[in-house]
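Note sheet for the following structure.
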Amino acid sequence: MATVIIKRLAKSPFVLITVLVTLAAFFFTPRSPFKSFSNYTQQQVQRLFTAEELALYNGTDDTLPILLGILGSVFDVTKGKSHYGVGGGYHHFSGRDASRAFVSGNFTGDGLTDSLHGLSSTEVKSIVEWREFYFRSYTFVGKLVGRYYDSEGNPTKSLKGVEAKAARGTQLLEKQKKEEAKQPGCNSRWSQGEGGEVWCDDGFPRLVQRPLEIALTGKMSKRCACFTEDQLSEPGLEVYEGCDYLSKTCRV
């Protein structure tokens, strides 16, 4: 049977060439004994890092990938080396879990921590959204043992608490949007040469406290909303400094 097949191949040189090329590709394709971080198997994806191990992948060693952690999830960000490598604007995130800095803006010393203690629901929600960004944009390579994952890679109470707080932040923001939609906001614009101004097409601009913002960020904040003349006597409305009482446009 084998002899018959060989004779047929010999009579068809194009078929013989195709078979030889296929065999050569199979036997001579390079096979690295080490899989890169961007080509993890399911078992490798579950790799667990200690803080000391993660610190080795901070971009200072060109032979190693660049990794960062956020909420205990570790990602390979080597393709963004211009940002995460030495001298890059995000290098402070490399080789560590600095979850808090994603919203605090403190990129030095104690600011580069994975502790979210004291942050508001919306701030925690923002960090969870950053984690989702890394899942979409980079390669997930494992978990950092510590605050958010235990020594077996299972989520800790801290991680479950973070995700619950983020969900609460989403609920509060939706509620706040519905409340604020009842009172139309001001139009606004700003330019470097002229500064800023707010105005109302119908009604008069007033600063008003955001009561729900206390629960969201722990501090008071204000927004500009438009009120009709018969509403201007309501408590809590603040006229912009230097703006006439019945002016529809105010400089800010």
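A few points about this structure:
- For the range 154-194, the spread of Cα positions along the three principal axes, ordered from largest to smallest, is 54, 30, 9 Å.
- Applying 0.36 nm per residue to the separation of LYS182 and LYS79 and subtracting their alpha-carbon distance, the gain on full extension is 32.5 nm.
- For the range 85-219: rounded, prolate or oblate by the Cα gyration tensor [a/c cutoff 1.5]: prolate
- Within the accessible area of the range 106-252 (1.4 Å probe), percent carbon and sulfur: 50
- Look at the Cα gyration tensor of the range 60-156: its axes a ≥ b ≥ c give a/c of at least 1.5 with a/b at or below b/c, and that counts as oblate.
- For the range 150-215: accessible area per residue (Å², 1.4 Å): 66
- Where ASP114, ASP62 fall by accessible area, highest first, once all protein chains stay in place (1.4 Å): ASP62, ASP114
- Distant-in-sequence amide contacts of LEU71, defined by a placed amide H-H separation under 5 Å and a gap of 5 or more residues or a different chain, comprise SER99.
- In order through the range 155-169: 3J(HN,Hα) via Karplus (6.51 cos²θ - 1.76 cosθ + 1.60), integer Hz, x for Gly, Pro: x, 8, 4, 5, 5, 5, x, 4, 5, 5, 5, 5, 5, 5, x
- Near the amide H of THR139, within less than 5 Å, lie the amide hydrogens of ASP76, all on another chain or at least 5 residues away, with H placed in the peptide plane.
- Whether the range 121-181 is rounded, prolate or oblate, judged on the alpha carbon gyration tensor where a/c under 1.5 counts as rounded: oblate
The values are calculated or read from the model by the stated rules, or taken from the named source; none is laboratory data. All figures in this text were calculated on a predicted structure; none of them were measured in a lab. Protein only, heavy atoms only, side chains kept; ligands, DNA and RNA dropped before computing areas. Shrake-Rupley method; radii C 1.70, N 1.55, O 1.52, S 1.80 Å.
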